Amino acid sequence: MNQTEKHRLKIGIPRALYFYKYGPFWTAFLEFLNCDVKISGPTTSVIVEEGTKDANSELCIPIKIYFGHVKNLLSEFPDLDYIFIPRYVSSHKEQFFCPKFLILPEAVKYGLKFDTPIITLEINVKKNSEHESAINFGKILGYNQETMIKAWDYANQKFEEFQDKAYEGDYIELLDELDTNPKHKRKKKKLKQFIPEAIRGKFMVNILVLGHSYNVYETHINRDLIGRLEAMDCNVTTIEKLPKSEFSEKITINEQYHQYWQSEDEILKTARYYLRDGKNTIDGVIFLISFACGPDSLIQEIVMRDMKKRKISYLDLVLDEHSGESGLITRIESFTDMIRRKKYN
Amino acid sequence: MVIRVSFPSMGWSKIAFKGLYRPIPGVEVVDPPVVTRDIVELGAKYSPEFVCLPFKVTLGEFINMIENYNCNVFIMSIDCGPCRLGFYAPIQERILKDLGYDVTIIPIQQDDLLDFQWLEPFYKITKVKGKLMRMVDIVKGIRFAFLKGSFIEDITRYEGIIRCREINKGDTTKTVEKLLKILDKEWDFQKLHQFHKVVKREFKKIPINRDIEPLRIMIAGENHIVLEPYINMDIVKKFGDEGIEVHQGNSLYGWVMHKLHVNFKRKTLERIAKPYIPMDIGGEAIWVIGHYIKCQKEGFDGFIHAYPFTCMPEVSARGIIEGQQPDPFYLPIQFYSFDEHTGYEGMRTRLEAFVDLMKLNRKNNPKFQDNYIEPPEIREIFDIPEKYEGINTFFTGIVEPFLNTLKILPKLKVNKRQHEK
């Protein structure tokens, strides 16, 4: 189906997985191409349930949520022309994304049965450059090469602007601004303040939250971890708050091995930065892992052992569709209390 | 000083690995013990929580060998993604060092065997000097490994096909164990090149019933799980005892050949599976789907997919197969996901139910085509008489004496230098 002046293509993007990282890029890219971008609503327990029903039980929870979002998109906008499912193979030579991202379009296409066609943006720098992948994408929509290269550069510029904004502002709110649909407005929940008013703000704790962007900023599945930590008088730092220059160096385990997962690379670099330069700026580390996440199961071990050596408090929270709210609160509450006792004693 | 070297066993594949490193001077290859429950538990105790099973098993083997076999140099394969296998070695080294063991893990890069990075361990494991002499030993080791690997593949292939036809129960198991024992101790190239005759001769002794048309299944999945009989509860034997002809999709020899880009069987499977999985995503996912579609076309009765719990590529493949059932994928399939808690009793119920299902499927499914052909291996073993093969004499007659002369050269050089001094 080609784009014409009369007919604006309606393309749906599921709000899950790498939407939390590359969402601004995709929306800018598609809007430059004059597409009508529809984004599925924030994750709810209904979406999680719908996803777990159809997905294979051994898949990790973010993928299950992705399935739920695709189903949600199809039911909310039945007249969609395409569903946009990107395939991230590698955006850096010598590195890969998790195998589940490599066949995400096929997993959705053959795992769920629906008629709406899938449009795929394949990013694989091992095979062809980023501009070439944009041109390949344009062939499906009927755009020429120049427009696609322009679109790519425009989207890249917007993405960088977004990252600069996110460096200072609230990441979750900025992401929500991408979706103009009034139905999807998130209501701000008032969280219970755990600290008594008399001593509020006096005993601050600095906490680094590690993890994939789709775990850290997905407020449904992590039960609004960042908000809750802030309600417990914590300064929260995430990977996105680190200066960009930190990510330029290559990470080595030792001379024989190198690490080959893209997002794990960022996690390891952040962990190393706080072990080395920013050692005194944090008091504790929380690592968010989704159950059955392959790369994280190994990376978590390295981070844990590193933190143990430097005596920085460390907590890993494993997320799955059954994890209850109170269990999580108890754990982070006792964790912050423990750090506070250690710091202010 | 002799260095004691070992590696994870991965079922019978240890015979081939042993051949690879035995001829290197200054190296003593330690035979890795058979995997048992204690080893798996030991590995699971120190492993990360939800890492896949091969990691736990290999870690357990390492600890066991350090403590009981006085061996602390290990060879472990690494990869460059995207599956977890490539990252086993650094984490295992870290865990072992934190436990207080003095251990060296030598990685062997198996990403692409044509870039010859896998030759590096040969130079790392030994302290004996002399590069040219080593070259001869390396060639020798590679020949041992390839020959033994191909015979292991043959033996396991014949095993699955013959066990369902045997008249006296247990004959095949005895023959296979005997043959593998002989193969393990055979270090003579002349005899090794003729070993396929021994294999066929031994299998020919088993009395079989050639009139039956048994059910056919294919077992495929993650390499370590399918090849390690303790971990998969010896699934090949269990199905064979039920009277089912078992074909195996995995073998070490086939994997090495694939990594050398000459396994055309796997290339056709990749082409078949391309619409479902467009690229290699690690593990065996793409070939599992290829095998599945091929088996469905050939009129197999069932398919077994065995993989470790939470294996990323295999789980993705499973999702695709499950989503496409019953149309267009109608071949009955059973998934076995193994972890350290898997017991046989739970598996047996499922296995028996699957056998019944296949029998009913043969009768009732209108899509099932009954085009059973007797596998060519049966004819190979029982009908064709032994014949003299000329090509092997090329190796034993010409190549080997030539390599031996090469071995003398560096010694001559050394003598000359001493003379000059």
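Quick check on my filter: what residues within region A:153-176 are loosely packed, with under 14 Cβ neighbours inside 10 Å and touching a helix residue (DSSP H, G or I) at 6+ places or on another chain (Cβ under 7 Å)?
Scanning region A:153-176 gives a single hit, A:Tyr167.
What number goes with the only condition from (1) more than 14 Å from chain A (Cβ to nearest Cβ); (2) touching a residue at least 12 places away in the same chain (Cβ under 8 Å); (3) among the hydrophobic types (A, V, I, L, M, F, W, C); (4) in a loop (DSSP other than H, G, I, E, B) that B:Ile381 does not pass?
Failing condition for B:Ile381: (4).
What number of residues in region A:183-232 are in a helix (DSSP H, G or I), under 23 Å from the mean Cα position of the chain (by Cα) and assigned by TED's automatic domain parsing to the domain that holds A:His322?
Number satisfying all stated conditions: 11.
Can you name every residue in region A:256-276 that is within 11 Å of another protein chain (Cβ to nearest Cβ) and either surrounded by fewer than 20 Cβ atoms within 10 Å (Cβ to Cβ) or in contact with a helix residue (DSSP H, G or I) (Cβ under 7 Å, 6 or more places away or on another chain) (or both)?
A:Gln256, A:Tyr257, A:His258, A:Gln259, A:Tyr260, A:Trp261, A:Glu264
Applying the selection to region B:229-265, what residues are touching a helix residue (DSSP H, G or I) at 6+ places or on another chain (Cβ under 8 Å), charged (D, E, K, R) and closer than 15 Å to B:Thr173 by Cβ?
Listed by number, the residues that qualify are B:Lys237, B:Lys238, B:Asp241, B:Glu242.
Please identify the pairs in which a residue from region B:1-22 that is more than 16 Å from B:Gly149 (Cβ to Cβ) has its Cβ atom under 6 Å from the Cβ atom of a residue that is assigned to a strand (DSSP E or B), counting only partners at least 6 apart or on another chain.
B:Val2/B:Glu28; B:Ile3/B:Val27; B:Ile3/B:Val73; B:Arg4/B:Glu28; B:Val5/B:Val27; B:Val5/B:Val29; B:Val5/B:Val73; B:Ser6/B:Phe74
Restricting to region B:319-340, and then to whatever is of a type in the set (Asp, Glu) and under 22 Å from the mean Cα position of the chain (by Cα), can you tell me which residue is nearest to the other protein chains (Cβ to nearest Cβ)?
Start the filter on region B:319-340 by keeping residues that are of a type in the set (Asp, Glu), which leaves B:322, B:327, B:339-340.
Imposing the further condition that a residue be under 22 Å from the mean Cα position of the chain (by Cα) reduces the set to B:339-340.
Working: B:Asp339: 11, B:Glu340: 14 Å.
Out of the qualifying residues, it is B:Asp339.
Given B:Lys267, B:Lys259, B:Lys294, which one is touching a Leu at 6+ places or on another chain (Cβ under 8 Å), more than 14 Å from every other protein chain (Cβ to nearest Cβ) and without any contact (Cβ under 8 Å) to a residue 40 or more places away in the chain?
Numbers: B:Lys267 fails: touching a Leu at 6+ places or on another chain (Cβ under 8 Å); B:Lys259 fails: without any contact (Cβ under 8 Å) to a residue 40 or more places away in the chain.
That would be B:Lys294, the only listed residue that is touching a Leu at 6+ places or on another chain (Cβ under 8 Å), more than 14 Å from every other protein chain (Cβ to nearest Cβ) and without any contact (Cβ under 8 Å) to a residue 40 or more places away in the chain.
Against the condition modelled with pLDDT of 90 or more and either in the same structural domain as B:Cys164 (by TED's automatic domain parsing) or in contact with a strand residue (DSSP E or B) (Cβ under 6 Å, 6 or more places away or on another chain) (or both), how does B:Phe239 come out, does it pass?
Criteria met by B:Phe239.
Could you check region B:246-331 for helices (runs of 4 or more DSSP H) lying wholly inside it with 1 or more residues that are under 24 Å from B:Phe151 (Cβ atoms) and of a type outside the set (Asp, Glu)? Let's see the steps before the verdict.
On the way: elements: B:252-259, B:264-273, B:285-298, B:312-323.
Those helices (runs of 4 or more DSSP H) span B:252-259, B:264-273, B:285-298.
Run A:Asp296 past the list (1) of a type outside the set (Gly, Ala, Ser); (2) closer than 21 Å to A:Pro62 by Cβ; (3) away from chain B (no Cβ under 14 Å); (4) surrounded by 15 or more Cβ atoms within 10 Å (Cβ to Cβ) and report the number of the one that doesn't hold.
For A:Asp296, the failing item is (3).
When B:Asp356 is evaluated against the numbered criteria (1) more than 12 Å from chain A (Cβ to nearest Cβ); (2) in contact (Cβ under 8 Å) with a residue 40 or more places away in the chain; (3) of a type in the set (Asp, Glu), which criterion, by number, is the only one it fails?
Going through the list (1) more than 12 Å from chain A (Cβ to nearest Cβ); (2) in contact (Cβ under 8 Å) with a residue 40 or more places away in the chain; (3) of a type in the set (Asp, Glu), B:Asp356 breaks only (2).
Residues in region B:104-119 that are in a loop (DSSP other than H, G, I, E, B) and aromatic (Phe, Trp, Tyr): how many?
Residues meeting the conditions: 1.
Taking B:Leu192 as the residue in question, decide whether it is farther than 30 Å from B:Glu314 by Cα and in contact with a helix residue (DSSP H, G or I) (Cβ under 9 Å, 6 or more places away or on another chain).
Spelling it out, B:Leu192 is indeed farther than 30 Å from B:Glu314 by Cα and in contact with a helix residue (DSSP H, G or I) (Cβ under 9 Å, 6 or more places away or on another chain).
Among the residues of region B:231-245, which ones are closer than 18 Å to B:Ile333 by Cα and not in a loop (DSSP other than H, G, I, E, B)?
B:Ile235, B:Val236, B:Lys238, B:Phe239, B:Gly240, B:Ile244, B:Glu245
Out of contact with any Leu (no Cβ under 8 Å at 6 or more places or on another chain) and under 20 Å from B:Arg216 (Cβ atoms), is that true of B:Gln325?
Against the criterion (out of contact with any Leu (no Cβ under 8 Å at 6 or more places or on another chain) and under 20 Å from B:Arg216 (Cβ atoms)), B:Gln325 qualifies.
Name the helices (runs of 4 or more DSSP H) wholly within region B:5-103 that hold at least 3 residues that are away from every other protein chain (no Cβ under 14 Å) and under 21 Å from the mean Cα position of the chain (by Cα)?
B:14-21, B:37-46, B:53-69
Go through region B:281-291 and count every residue that is within 21 Å of B:Asp111 (Cα to Cα) and either at the interface with chain A (Cβ under 9 Å from one of its Cβ atoms) or of a type in the set (A, V, I, L, M) (or both).
6
Sort out for me the helices (runs of 4 or more DSSP H) sitting completely within region A:26-141 that have 2 or more residues that are buried (at least 17 other Cβ atoms within 10 Å of the Cβ) and away from every other protein chain (no Cβ under 14 Å).
It comes to A:45-54, A:61-76, A:130-141.
Just for helices (runs of 4 or more DSSP H) wholly inside region B:123-230: which have at least 3 residues that are in contact with a Lys or Arg (Cβ under 8 Å, 6 or more places away or on another chain), modelled with pLDDT of 90 or more and not small (Gly, Ala, Ser)? Before you say what the answer is, go through the steps one by one.
Working: elements: B:131-162, B:171-185, B:189-193, B:195-204, B:223-227.
Helices (runs of 4 or more DSSP H) meeting the threshold: B:171-185.
Determine which member of the set A:Ile302, A:Ile329 is touching a residue at least 40 places away in the same chain (Cβ under 8 Å), surrounded by fewer than 18 Cβ atoms within 10 Å (Cβ to Cβ), outside the structural domain of A:Pro99 (by TED's automatic domain parsing) and among the hydrophobic types (A, V, I, L, M, F, W, C).
A:Ile329
Report the residue count in region A:304-316 for those that are modelled with pLDDT under 90 and within 21 Å of the chain's Cα centre (by Cα).
Selection size over region A:304-316: 1.
What's the number of the only condition in (1) more than 14 Å from chain A (Cβ to nearest Cβ); (2) of a type outside the set (Val, Ile, Thr); (3) in contact with a Pro (Cβ under 9 Å, 6 or more places away or on another chain); (4) within 24 Å of B:Val51 (Cβ to Cβ) that B:Ser316 fails to meet?
If we test B:Ser316 against (1) more than 14 Å from chain A (Cβ to nearest Cβ); (2) of a type outside the set (Val, Ile, Thr); (3) in contact with a Pro (Cβ under 9 Å, 6 or more places away or on another chain); (4) within 24 Å of B:Val51 (Cβ to Cβ), just (1) comes out false.
Given the criteria under 22 Å from B:Arg350 (Cβ atoms) and of a type outside the set (Gly, Ala, Ser), does B:Ile333 qualify?
yes
For region A:221-255, which positions are of a type in the set (Asp, Glu) and either surrounded by 16 or more Cβ atoms within 10 Å (Cβ to Cβ) or at pLDDT below 85 (or both)?
To start, the set of residues in region A:221-255 that are of a type in the set (Asp, Glu) comprises A:224, A:230, A:233, A:240, A:246, A:249, A:255.
Selection gives A:Asp224, A:Asp233, A:Glu240, A:Glu246, A:Glu249, A:Glu255.
What number of residues within region B:267-297 are surrounded by fewer than 22 Cβ atoms within 10 Å (Cβ to Cβ) and within 12 Å of B:Ala220 (Cα to Cα)?
1
The values are calculated or read from the model by the stated rules, or taken from the named source; none is laboratory data. Since the structure is predicted, the reported quantities are computational estimates derived from the model, not experimental observations. Heads up, the Cβs are rebuilt from the backbone with ideal geometry, glycines too, and the neighbour counts pull from every protein chain shown.
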